[in-house]
Amino acid sequence: MERDESRHTLLDSIADLRARGVGNAQNQVMESAGKFEKIRALAGGADAAIFGAGASGRAAAELLKRAGVGFSVYAQDAGAPDFAAKPFGAGAAKAHRLVVYSPAFRPDHEWIRIAEESGAAAICEPDLSALAWEGKIYAVTGTNGKTTLASFLERALNLAGIRAVAAGNIGRPLSAFCAEMEDSSNAAAVCELSSFQTSRLKFLRPDALLWTNFAPDHLDWHKDMREYFCAKFNLVKALRGELLFISKDVAEAAEEYGMEMPAFAKIPADMAPSACPKPFGTSVQSRNFAMASEFLKSLGLQSAAAEAARGFALPKYRFGEPVEARGVKFYNDSKATNAHAAIAALRELSGAESLVWIGGGKDKNCDVSELASEIAKTAKGAALIGQTAGKLAKMLRSSGVDARVCGSMKEAVEIAAKMAGDGGSVLFSPGFSSFGMFSGYADRGKSFQNEVLCLKNLK
């Protein structure tokens with residue numbers, strides 16, 4: 001799970017927020033009593049605790065402020081503001097009846113255990129937002145494709161006259177929208193949700209669920225694939241109604257792990273890439289378009305997908321049109337943060353002449369043998385970066401691939417360009433998360449883009 005930016009720190013000190021109207025929950029003049037009643041009841045008249053000083057923590061703070069609930073922020077991140085970087089222990093736990101934690105906190109984190117043992121209710125930020133959001137919630141999850149699908153659905157719904165916001169892991173937490181919108185009863189929230197956010201759902205009940213795919217990922221977080229699947233399956237259990245759209249591999253995984261998928265679950269028929277509008281004219285994106293079309297039709301919006309596709313641009317750093325520099329085509333697919341996504345991109349370019357792959361990053365403890373096999377079949381060479389570079393180099397060299405370990409993005413781009421040669425192609429589809437070298441996939445994608453532009457402008 002990577003956001004466009006890895007961390008958005010809280011911009012206001014607790015004192016500043018209180019000065020703007022937080023105060024003690026019992027002494028507030030409450031607004032929109034019905035909308036915030038559940039949050040106040042859960043807080044039990046005490047200040048809430050917020051674990052994490054990033055985007056989720058800030059959004060939770062703003063929503064609690066609107067609800068008239070005081071709060072304290074606890075964070076372990078040394079880069080967070082001083083006021084937020086205080087530890088949480090048994091003494092602090094006694095002061096709170098409600099704890100809101102960010103997705104960066106594992107459900108078995110010591111602080112959450114301490115809070116629950118003291119009798120506090122511990123919920124993830126999406127659950128907090130669900131207590132205040134009054135409209136529909138359309139959940140989007142999956143190993144890959146979530147952000148593109150959520151962005152597209154937001155556009156399609158708005159064009160169809162339904163007020164919609166894209167929230168969650170896509171960048172802006174739903175709690176932020178709950179805090180700023182006076183009335184959300186006639187709105188729809190398209191929520192991109194990762195397994196980090198759905199491991200222990202308590203209050204969020206989506207009106208529809210679109211589950212794009214399922215493949216190995218985040219095994220540095222989940223103990224095994226079954227736990228990873230079950231975290232996402234919590235959304236199926238929480239579903240309100242019968243709008244459930246899944247892929248074939250999701251259905252197969254459910255059977256493998258002994259999870260019963262509801263009979264009303266629909267698997268959209270595949271669409272040929274050539275039959276899809278231009279932004280969706282690849283194997284991966286055609287499946288996104290097919291799922292979006294089926295969902296929108298279930299809402300009675302028969303032509304919404306086709307209409308929304310006109311003028312729609314894929315979010316940045318997804319596999320798409322290349323940039324040409326010095327006779328080489330460069331593809332920027334930085335959003336490929338797992339092997340499943342990188343393999344899909346490699347297959348899109350299986351017929352490319354003289355293809356070189358740039359990849360590597362933070363190790364997620366996933367099996368990468370299939371990725372290495374696909375690189376060996378598709379690419380003539382590889383320029384490797386990040387923590388996994390050495391491991392990948394050994395695997396690829398054993399298959400006869402010219403694999404080079406690079407110390408920087410600049411070196412990787414320059415080496416890949418030379419290896420590809422005039423008329424060749426370079427695919428930057430890392431297959432791993434970016435942490436350790438970059439702040440997120442967007443930072444990484446921008447770095448690749450800048451190095452390609454430097455190469456293009458080189459005299």
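Read-outs throughout are calculated quantities, based only on the coordinates presented, and are distinct from any laboratory measurement. Note that this is a predicted model, so its numbers are computed, not measured. Note that we place each Cβ from the backbone using ideal geometry, even for glycine, and neighbour counts take in every protein chain shown.
A simple charge model with +1 on the Cβ of Lys and Arg, -1 on the Cβ of Asp and Glu and nothing else charged puts the dipole of region 328-389 at about 120 debye relative to its Cα centre. Net charge in the neighbourhood of residue 203 (other residues with Cβ under 10 Å of its Cβ; Lys, Arg +1, Asp, Glu -1) is +2. Averaging the Cα positions of each part gives two centres, and for region 291-329 and region 107-150 these lie 28 Å apart. Residue exposure proxy: 196, 448, ordered by other Cβ atoms within 10 angstrom of their Cβ from fewest to most, comes out as 196, 448. With the convex hull of its Cα atoms as the shape, region 323-457 has an orientation-averaged projected area of 6.6 nm². Between region 165-202 and region 366-432, the C-alpha centres lie 37 angstrom from each other.
Count the net charge of all other residues whose Cβ sits under 10 Å from the Cβ of residue 135, scoring Lys and Arg as +1 and Asp and Glu as -1.
Computed value for this residue: -1.
From least to most packed, judged by other beta carbons within 10 angstrom and beginning with the fewest, 88, 203, 71 follow the order 203, 88, 71.
Its Cα centre serving as origin, region 86-146 has a Cβ charge dipole (Lys and Arg +1, Asp and Glu -1) of approximately 100 debye.
Only Cα pairs under 8 Å and 6+ residues apart enter the sum, and on that basis the relative contact order of the chain stands at 13 percent. Taking only the Cα atoms of the chain, the ratio Rg/Rh comes out at 0.99, with Rh defined as the Kirkwood radius.
Here the peptides 145-158, 210-223 are ranked by packing, the mean other Cβ count within 10 Å, and the order with the highest first is 145-158, 210-223.
Comparing 339, 423, 67 along the charge dipole axis of the chain, the residue lying farthest to the positive side is 423, per the Cβ-charge model. Charged side chains reduced to their Cβ positions (Lys and Arg at +1, Asp and Glu at -1) give the chain a dipole of some 480 debye around its Cα centre.
Give me Rg over Rh for region 133-309, both radii from the alpha carbons and Rh done the Kirkwood way, two decimal places. Rounded to two decimals, Rg over Rh is 0.95. The residue among 315, 356, 454 whose Cα reaches farthest toward the positive pole of the charge dipole of the chain, with charges on the beta-carbon of Lys, Arg, Asp and Glu, is 454.
Extension gain for residue 354-residue 237 works out to 37.4 nm (0.36 nm per residue, less the C-alpha to C-alpha distance).
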